[in-house]
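Written below as structure tokens is the structure these notes are about.
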Amino acid sequence: MCLVNCISLIFINSMSLNISTIIIKGSMGNAASAGMVLSMFTIGGVLAGAIFGLAFKLLKNYTLPAAFLLLSAGMACVVYGNSMIMLIMGTCLAGIGSSLATAAMLMMIGSIVPSAGQGIITGILMTLVNLGSFLATYYIVLVANISGSTDVKLPIFYAMVGFLVLAAIYGIMGWNKRF
């Protein structure tokens, strides 16, 4: 679970790190526009926080797969969108998905790990979150080196596919039957 969160942050930050380049290369705006688009990720996170209780009550074991689907949809908006509106929608959806996924993972930890170990495993989870953020630039370079492409949307495309795979895996597993 902690490793999945690390991978998620690598994928998410590949989008965040490339948004300004996408906007400028696409002649959609400037650095200020990129800041506004990225702030929508935070707005999405706030929305997710407001609806998490209801989402978890309705989706139970499938909250995490649903979050991964939202992340994938957000990445798709960024990869295939050629307008500020699509980028704003994409980052907002990714923000909702990211916050729902993190909260769902914490709920999963709470149900699996004995209370005496929850602090340690949560600490490990947060350490791997930061490691994922750090490794995102290396992921972007790795994708460019392997593919031979300098397209800044390519790592985001692979992230989109990766989130679909994670949604399928956790959807099939029902991620934890204890809920």
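FYI, it's all coordinate maths here, none of it is from the lab. Everything numeric here is computed off the predicted structure, so don't read it as measured data.
Worth a mention:
- Normalising the Debye intensity of the range 80-179 to I(0), with uniform scatterers on Cα atoms only, and taking log10 at q = 0.23 Å⁻¹ returns -1.34.
- Working from the Cα coordinates of the range 78-122, the gyration tensor eigenvalues give, after taking √(5λ), semi-axes of 35, 7, 6 Å in decreasing order.
- Short-range pairs are left out: with C-alpha atoms under 8 Å and at least six residues apart, the relative contact order of the chain is 38 percent.
- Degrees, to the nearest 10: 118-147 long Cα axis against longest axis of the chain: 30 degrees
- Panel values: the range 2-173, Kirkwood radius from alpha carbon pairs, Stokes-Einstein at 37 °C and 0.692 mPa s, translational diffusion coefficient 202 µm²/s.
- Stretch gain in nm, segment S39-L142, where the contour uses 0.36 nm per residue and the Cα spacing is subtracted: 34.4 nm
- Rounded to 10°, Cα long-axis angle of helix 154-173 versus longest principal axis of the chain: 20 degrees
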